[in-house]
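FYI, it's all coordinate maths here, none of it is from the lab. Quick caveat: nothing in here was measured; it's all calculated off a predicted structure. Neighbour counts are summed over all protein chains in view; Cβ atoms, including those assigned to glycine, are modelled from backbone coordinates with ideal geometry.
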């Protein structure tokens, strides 16, 4: 049996994770089975359990990695930004970006994307709350810096998040393309930026 500290173990672990991500992205989480993953990797299904206890654990690892990388990217880029409005635009762009960054390596179908978004909202509420918390902090920062007048930052933050999700959903739904990587993300970002400008203009002192 391989040691979990060996390079061979690490390589196989990454291979399984990458393979599962690709299959989840194309077929969806629910349609993909451990048999599909093990066959694609080229190992027996029972061997998967040495690396991951279940399909749920595999998903946990993938979702956590995507989310944490998104937060790190935002924190790194936001260090050079002073305006609360620009930081908010940057954060929302980074919030949408994992889909496009992942689509450079994996073919993410629209159906799998919508399914994935629902799973995140229903089963990963701690991530969802962290996203809300960052939005609230950015709006509070706008009040402290004098960019915004006092307002209910929780209500505004949730409204912004709901708007972004609705625009993203509409952009993909109306498209006749099969993969989200084929959708023009620049239009989505421009509309989100314009919306944030409207919010900040309406909340100016």
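For the peptides 172-179, 107-114, what is the packing order when you average, over each peptide's residues, the other Cβ atoms within 10 Å and list the highest mean first?
Output ranking for 172-179, 107-114: 107-114, 172-179.
Between residue 149 and residue 54, what FRET efficiency comes out of the Förster formula 1/(1 + (r/R0)^6) with R0 = 45 Å and r the beta carbon distance, rounded to 0.05?
So, using R0 = 45 Å, E works out to roughly 0.35.
Expressed as a rounded percentage, what relative contact order does segment 55-202 have, with Cα pairs under 8 Å and six or more residues apart?
Worked out over segment 55-202, it gives 31 percent.
Using alpha carbons only, how many degrees (0 to 90, rounded to 10) separate the axis of helix 7-27 from the longest principal axis of the chain?
Approximately 60 degrees, to the nearest ten.
I'd like the FRET efficiency for residue 166 and residue 46, computed as 1/(1 + (r/R0)^6) with the beta carbon distance as r and R0 of 45 Å, rounded to 0.05.
After rounding, the FRET efficiency stands at 0.55.
Okay, helix-only estimate at 222 nm for the chain: each DSSP H run of n ≥ 4 adds -39500 (n - 2.57), divide by all residues, round to 500 deg cm²/dmol; what do you get?
When only DSSP H runs of four or more count, the value is -24500 deg cm²/dmol.
Evaluate the distance, in nm, between pseudo-label points positioned 7 Å from the Cα of residue 194 and of residue 73 along their respective Cα→Cβ axes.
Result for the modelled spin labels: 2.4 nm.
Just to verify a number: FRET efficiency for residue 10 and residue 126, C-beta to C-beta distance, R0 = 35 Å, to 0.05?
That pair, residue 10 with residue 126, gives E of 0.85.
Assuming 0.36 nm per residue, please report the length gained on full extension of the stretch residue 158 to residue 177 beyond their Cα-Cα distance.
Result: 3.9 nm gained on full extension.
May I ask you to compute the full-extension gain from residue 39 to residue 118, defined as 0.36 nm times their residue separation minus their alpha-carbon distance, rounded to one decimal in nm?
Extending this stretch completely gives an extra 25.7 nm.
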